[in-house]
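Since the structure comes first, as structure tokens, the remarks are kept for the end.
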Amino acid sequence: MSTTIKGPSNNETKYDGSALRIAIVHARWNKVVIDALVAGAVAKLKEHGVKDQNIVIQSVPGSFELPLACSKVIAGSHVQAGATATDLLGGLSFGTSTPTFKPVSRSSTPAPIVAALPSQPFDAVIAIGVLIKGATMHFEYISESVSHALMRIQLDTGVPVIFGLLTALTDEQALERAGIGRVNKGHNHGEDWGVAAVEMASQCRQWS
Ligand code: DLZ
């Protein structure tokens, strides 16, 4: 029996993600944590049958940029070509202690900013950012404004935006919530976001 009362409970319904198209938009600040969260989300999307070519990953400089990028990605006007989950995660490796990231080599030709329109609109977007509290008020301003904006985008567009903004008070808290804590390993919340994306995307298809 579980010893904790926290966290999402398992849904008895098993959702089939094989027909879904999902975008992950992530910030690049606090990269070690971000990489683990993105990997966790992708793993669960794939476990639920989402096809590799239907997982599109877009990065932005920091969490503050997440809402605009999510909005553009949903509108379908800013989809980068060729950045599938395998391309981006091919160089990611997790050892037993410190995770490392080997950048995947890319062609010297920059990817076109605007690619062909997607064959199918996105069924859900997972917005992933990691805010770690520092000495200034940045944390409060960014976390509040981004949270409100992401909620507004999903209500305005009707496309689920999964809230993957970690707001941690310490580095260790952030690492633990990505399943790579140095003392307690913790649980990778990115996995929960992947599962939530498949469930919400599937349900929204039924509700509409
Ligand atoms: C400026 C800033 C700070 C202080 N901290 C973070 C952080 O912990 N996590 C994060 O994702 N982004 C941070 N940023 C960058 C802002 O989100 C944003 O990218 C810049 O202010 C440019 O708009």
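Each reported figure results from applying straightforward, stated rules to the coordinates on display, with no laboratory input. All of these numbers come straight from a predicted model, not from anything done at the bench. Note that each Cβ is placed from the backbone with ideal geometry, even for glycine, and that neighbours are counted across all protein chains shown.
The table below lists the values:
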item	result
Reachable lysines, given that their alpha-carbon falls under 28 Å from the alpha-carbon of Lys6 and they are not under 8 places away in the same chain	Lys14, Lys31, Lys44, Lys46, Lys133, Lys185
Ranked by how many other beta carbons lie within 10 Å on average, peptides 136-148, 165-177 from highest	165-177, 136-148
Mean Cβ count within 10 Å, highest first, over the residues of peptides 6-14, 188-196	188-196, 6-14
Calculated P(r) tail over 19 Å for the stretch 1-74, as whole % of Cα pairs	50 percent
